[in-house]
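First the structure, which I've put down as structure tokens, then a few questions once you've had a look.
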Amino acid sequence: MQYLDRLEEAEVRYNDLTAKMADHEVISDSDQYRKVTKAQSELADLVGKFREWKRASQELGDARQMLAETDPDLKQMAEMEVTRLEPEIAQIETDLQLMLLPMDPNDEKNVVLEIRKGAGGDEASLFAGEVFRMYSRYAEEMRWKVEITSLSESSVGGLSEVIALISGHKVYSRLKWESGVHRVQRVPQTETQGRVHTSTITVVVMPEADEVDVQLDPKDIRVDTFCSSGPGGQSVNTTYSAIRLTHIPTNTVVSCQDEKSQIKNKAKAMQVLRSRLYQMEMEKQVAVLGAERKGMIGTGDRSEKIRTYNFPQNRITDHRIGLTLHQLDLTMEGRLEPVIEAVTAYFQSEKLREQGRNGH
């Protein structure tokens, strides 16, 4: 099998780290213990899959030897084992290749999620609210934390815009392919003749940037304070707790009024600002890679229509991978994993194909 040396090295490293976790010197040093356990957990899935391959390969070898048996019953059992094990091993080898692909450095990060209504007026704002609820429900299932940074309600109770921080285990790795135009097809409540209307919203998922990722010069940031307001301009409080940050070199503006504390609002706004600037830098790098590579890895371009939600037919379609599922009702309740699994698998296989073309 390809990469056998790398897998064996990973297993040796995993065993070494596991032994260190029982070492009294390591246990007594909290920083060192944290580093060792983190490194060991990062290798756990790969080593577990490699051991699965070794067990299945051993069983296949034994079954092939049994094919030489003269007893017809034993020979038939061996043939059944070979038939079962060969595709199983092929799948394990594909899984191992995917696990050995270079990791996206952002996969471990939290995200900034931005949802905005597009074409379709009130219906678009209602759908924006439902999609935010869908991601919030999915986050609950994944045991992630959702914190709203800013929220702008429409007059019909939908959302014109919402920005939220989602934190937890490998959030970006699961949500990074969600950026783009999401289209809804359904009969609006206000439609008297039962006609299906089409509306759109935009979803942007950005990795949360650390201070190390984006260095901000305080001289480049203008800070404005204002009173928080609710729907229709209604005053929520009379203190100047809401914050607006403007990054002067790029004219990037971020507001936060979710917290009653000005300090907390400023901290959240800074998180979003860093992430937007980090995303801009990532997009520049993707553009340099060229059109073919850009198309393959996906850009999260908000102009790309990625998905259609058809309510009359209970159908969700992801246009990038040709996936259609008739379980829109479950998806809108946060059962997003089947879609996310399929999209992730598609883009991972694209990376494998690209690796093959490059002869790696």
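The values are calculated or read from the model by the stated rules, or taken from the named source; none is laboratory data. Just so we're clear, the structure is a prediction, and the values are computed from it rather than from any experiment. So basically every Cβ, Gly included, is an ideal-geometry build from the backbone, and we count neighbours across all protein chains shown. Side chains included, ligands, DNA and RNA excluded: accessible areas come from the protein's heavy atoms. Shrake-Rupley method; radii C 1.70, N 1.55, O 1.52, S 1.80 Å.
Could the peptides 96-103, 108-115 be put in order, highest first, of the mean number of other beta-carbon atoms found within 10 Å of their residues?
108-115, 96-103
Still on this model: As a check on your grasp of the helix formula, calculate [θ] at 222 nm for the chain: sum -39500 (n - 2.57) over DSSP H runs of n ≥ 4, divide by the residue count, round to the nearest 500.
Using -39500 (n - 2.57) per qualifying helix, the result is -16500 deg cm²/dmol.
Heavy atoms only, 1.4 Å probe, whole protein assembly: order T252, T83, T324 by accessible area, highest first.
T83, T324, T252
Moving to a separate point now. Based on the mean of other beta carbon atoms within 10 Å per residue, what is the order of 34-40, 145-151, most packed first?
145-151, 34-40
On to the next question. Roughly speaking, what is the stretch gain from A345 to L100, that is 0.36 nm per residue apart minus the C-alpha to C-alpha distance, in nm to one decimal?
Residue separation times 0.36 nm, minus the Cα-Cα distance, leaves 86.8 nm.
At a 1.4 Å probe radius, carbon and sulfur cover how many percent of the accessible area of the range 58-186?
Reported share for carbon and sulfur atoms: 51 percent.
For A267 paired with T225, estimate the spin-label separation in nm (one decimal), with each label point 7 Å from Cα along the Cα-to-Cβ line.
Going by the 7 Å Cα→Cβ label model, 1.7 nm.
Would you mind telling me which residue in I92, I27, I248 has the biggest mean-square fluctuation in a Gaussian network model of the chain, where springs connect alpha carbons within a distance under 10 angstrom?
I27
Could you state the accessible area per residue of the range 107-173 in Å², with a 1.4 Å probe and every protein chain left in place?
Dividing the accessible area of the range 107-173 by its residue count gives 40 Å².
Where the centre of each part is set by its Cα atoms, how far does the range 102-131 sit from the range 1-68, in angstrom?
Taking the Cα centre of each part, the range 102-131 and the range 1-68 sit 38 Å apart.
Ignoring everything but the protein chains, give the 1.4 Å probe accessible area of S155 in square angstrom, nearest 10.
120 Å²
Also, I was wondering about something else. Roughly how big is the range 76-142's charge dipole about its Cα centre, with Cβ charges of +1 (Lys, Arg) and -1 (Asp, Glu), in debye to the nearest 20?
460 debye
How large is the convex hull of the C-alpha atoms of the range 86-222 per residue, in Å³?
With only Cα atoms used, the range 86-222 gives 165 Å³ per residue.
Mind checking the full-extension length gain between T250 and L352? Use 0.36 nm per residue of separation minus the Cα-Cα distance, one decimal, nm.
Residue separation times 0.36 nm, minus the Cα-Cα distance, leaves 33.1 nm.
Between N15 and R133, what FRET efficiency follows from the Cβ-Cβ distance if R0 is 45 Å, with the result rounded to 0.05?
Here the calculated transfer efficiency is 0.50.
Could you compute the FRET efficiency for K260 and E69, with r as their C-beta to C-beta distance and R0 at 51 Å, rounded to 0.05?
E between K260 and E69, to the nearest 0.05, is 0.05.
For the ranges 195-203, 160-168, what's the packing order if you count other beta-carbon atoms within 10 Å of each residue, average per peptide, and put the highest first?
Order by mean packing, descending: 160-168, 195-203.
Same structure again: Exactly which GluC sites (Glu not before Pro) in the range 1-92 are in a DSSP loop and have at most 14 other Cβ atoms within 10 Å?
Sparse-neighbourhood loop GluC sites (Glu not before Pro): E69.
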